[in-house]
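Read through the structure below, which is laid out as structure tokens, and then see the notes.
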Amino acid sequence: MSKIKNHLDKKIWAYIDKLFSGVGATQQLFELKEELAVNIREKTADYRARGMDEEQALKEAIISMGDLSGLVDDMRQLGQDTAKQAVYSTMTARISTAGIVAGALLILFGVFVTAMQYLMGSSGVEVTGSAIFIVAGGALLTYSVLTRETSKRYAMNKIRAALYGISTGMLLFGFFTAAVTHFAVEEPFVPVASLMVFFLPGFGLLLFLLLTETGRRKQV
Amino acid sequence: MKAIISTDLIRGHTGTIILNVLRQGDSYGYEIYKKIIELSGNQYELKEATLYSAFRRLEQDGYIVSYWGDETQGGRRKYYRITAKGREFYEQTKKDWDFAKDILDKLIKGGLG
């Protein structure tokens, strides 16, 4: 979900937030709100296409949704029943946990292999080459941590988390190639050039993601 | 568009109607809403409020599953897909409906000899 919200989106979210105000925060509520917001936005666009102005189109779209109080009650009940939330999030939590463990192990493996190669007196290329595991582990760890739902924050959606993972991977890979080429190539400018190739897009992506971040913080 | 079918009459069939849409392909909330209007020949509208409650029930029963679309512009859509269990349920309900339809017709319109 993009943070660059226009005027209409603000109104839609204001309506939805008001509708569900005071309802205990759950992952389901978080998702239902987004689902309803998209529905209202698309319906408003359809009404506008029939010649209504934005104000009127939004009003009609909301009215024609029908009585949402049943849904609000459902969500309220769910918010009170924490046991249900636990069941809901175990599967994703398990996947995320596995990813964190695997990512951390990959990083450690990379560190150990690199250290081993260094102590064995291998060439610079071999030593730095082993650090590729750290790159892969870093990307996996980033993804897994972000898709984890905690008591403070909701899980990030998978695509966004994957993009974060990719940007971390590119940043690390930039350093990695720089280190490898530093030992492999004579010319001193090549490492910087190869660092730039991966670091710049990775950094750009990261910056974009950070600037378009929306709140995942749970309301208490 | 006029809602001419009483809520009482349609209530028990909301889930089956949604399954009928989804068995013909994955879809998301607003699109399902529009497809139901289309199915009715523009004569009946199932409100979103009713639809979203039904999605939740169907998902809890294991008849449908949901996943997020990858739209980057604006918000993401939540898509629904029918499960094997959902298809089975749909087929059974369809049979039940064929049976009930005939009986009800007799009960409501039939004359006693």
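Couple of notes before you dig in:
- Global size of the protein assembly as shown as Cα Rg and Dmax, reported in angstrom: 26.6, 106
- Between segment B:83-111 and segment A:112-140, the Cα center-to-center distance that results, in Å: 67
- Alpha carbon Rg of segment A:88-211, scaled by the compact-globule rule 2.2 N^0.38 Å: 1.20
- Counting only Cβ charges, +1 for Lys and Arg and -1 for Asp and Glu, the dipole size of the protein assembly as shown around its Cα centre is about 660 debye.
- Segment B:7-109: mean projected area of Cα convex hull, nm²: 7.5
- Summing charges over neighbours of A:M52, with a neighbour being any other residue whose Cβ is under 15 Å away from its Cβ, gives 0 when K and R count +1 and D and E count -1.
- Between 0 and 90°, nearest 10: helix B:84-109 axis offset from chain B longest Cα axis: 30
- Efficiency of FRET between A:K18 and A:A193 - r from beta-carbon atoms, R0 51 angstrom, step 0.05: 0.40
- B:Y28 long-range amide H proximity, modeled H, under 5 Å: B:Y80
- Cα-centre dipole for segment B:7-109 with unit charges at Cβ (Lys and Arg positive, Asp and Glu negative), debye to 20: 80
- Listed cross-link partners A:K18/A:K59; B:K35/B:K95; A:K59/B:K94; B:K34/B:K106; B:K47/B:K109 are compared with a 26 Å cut-off, the Cα-Cα value being larger for A:K59/B:K94; B:K34/B:K106; B:K47/B:K109.
- Residues whose amide H lies under 5 Å from that of B:W68, counting only those 5 or more places away or on a different chain, are B:Y79; hydrogens are built 1.01 Å from N in the peptide plane.
- Label point at A:D81 placed 7 Å out along Cα→Cβ; residues across segment A:32-46 whose backbone nitrogen lies under 17 Å: A:32
- Across peptide A:32-38, the average count of Cβ atoms from other chains found within 10 Å of a residue's Cβ is 6.
- Highest-MSF residue in chain B out of B:I64, B:I82, B:I103 [GNM, Cα springs under 10 Å]: B:I103
Only the coordinates and a few stated rules stand behind these numbers; no lab work does. Please read these numbers as outputs of a predicted model, since none were measured by experiment. With ideal geometry, Cβ positions are generated from the backbone for all residues, glycine too; neighbour counts draw on all protein chains shown.
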